[in-house]
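To keep things clear, I will list the structure first and then write my remarks on it.
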Amino acid sequence: MSKRRSIILAVELEGLSQADVARLYGVSRGWVSKLIARYRADGDAAFEPRSRRPRASPNATPPETVETILELRRTLSEQGLDAGPETIRWHLRHHHGIEVSAATIRRRLITAGLITPQPRKRPKSSYIRFQADPPNETWQTDTTHIRLADGTDVEVLTWLDDHSRFALDVTAFVVVNGRAVVTSFRETAGQHGYPASVLSDNGMYYTARFARGGRTGLNRFETLLADLGIDQKHSRPNHPTTCGKVERFQQTLKKWLRARPAAHTIDDLQTLLDEFVDHYNHHRPHASLGRSTPAAIYTRLPKTGPASGPATDYRIRHDRVDNYGKVTLRYNGRLYKIGIGREHAATPITMLIADRDIRIIATATGELLRQLELDPNRAYQPTGKPRNPRT
């Protein structure tokens, strides 16, 4: 028998006073009075504790926001696009002016039965990830197969910037061969500049090192890269994760294509590819880019390119302007101070260094704060701005 029931029965059946029952059970007289009043009003329901759920939740997600979340989930999924909580959060913020946490969105999707909770996965911190520092430091490339409506197999060749995930070119071919790779690479570089290196798998159109024991010499693509001074890198055999960025891009592309009617011709497929690339580069937030778009990241920093002539001391430094508006840089064993301006104190910066040519950029905005050629004869590189007169 519950304590509530005993207290109520002691008053109602035994005829004890509320004060005596309170002393007997070691509770307050006020609580006994509330129990008796509830019993006389609600009957046996008074034997069970009432719910402590608040009558109102002023911080609850508004119903119209929940409806928008579910609609975004449905729309994005039908379009073959990512529809996870972070992506929905981005769309709510940028297209609807609504701020909701990803955790709240996830709870609403679970409540609606649109997400099945899964056991905790391997933590992201356990993965070893590589990302090129500037745009065009490394291009990843790969091919994939897509079928037309009549079952015809078509090959799609992709060039992807490693730093920004920017899809440089995605082209459909009847068959990808050495000539197609060279032609596509030249045309892509004509639009975006040549990269410093290229990362690919060991396909025959990329390298001849596994052909006939590697005794056939360089193929067309290898010869072109060597002539241009472009470093060529390859994934280890049976290790496709080395080219994981372009592999992941192709998965996203195929998911998007599956949400649409199959193309009837290779030209129709190319139209779809161009539509996807535009959306992917300019309108789709990317999780690994801090929810920025690849185009925004690709155009934020100056591009690098193939090494030519004497080796250049090319470095990238991430630093912060000190309280006096200066940053330090070590060159040829000596430490130099570079003036930026007190108005930029504590600003996170990215320094692009090519020997003595230095560009200093605000990391958050991409604004060029200063460009200079380091004078090795001066320990301090002044801004050149007139000093404020003393008052």
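The values are calculated or read from the model by the stated rules, or taken from the named source; none is laboratory data. Computed from a predicted structure; not experimentally measured. Note that we place each Cβ from the backbone using ideal geometry, even for glycine, and neighbour counts take in every protein chain shown.
What to note about this one:
- Residue within segment 61-75 that is without any contact (Cβ under 8 Å) to a residue 60 or more places away in the chain and outside any helix (DSSP H, G or I) present: yes
- Selection over segment 247-266 of residues that are over 16 Å from Leu168 (Cα atoms) and free of Cβ contacts under 8 Å to residues at least 12 places away in the same chain gives a count of 1.
- Test: Ala149 is surrounded by fewer than 14 Cβ atoms within 10 Å (Cβ to Cβ), of a type in the set (Gly, Ala, Ser) and over 27 Å from the mean Cα position of the chain (by Cα): yes
- Odd one out for Asn323, checked against (1) closer than 23 Å to Asp133 by Cα; (2) at pLDDT 90 or above; (3) in a loop (DSSP other than H, G, I, E, B): (1)
- Residues within segment 172-195 that are of a type in the set (A, V, I, L, M) and loosely packed, with under 15 Cβ neighbours inside 10 Å, tallied: 2
- Here Leu224, Leu228, Leu168 are screened, and the one residue that is within 30 Å of Ile297 (Cβ to Cβ), modelled with pLDDT of 95 or more and of a type outside the set (Phe, Trp, Tyr) is Leu168.
- Test result for Ala112, at pLDDT 95 or above, over 18 Å from the mean Cα position of the chain (by Cα) and among the small types (Gly, Ala, Ser): no
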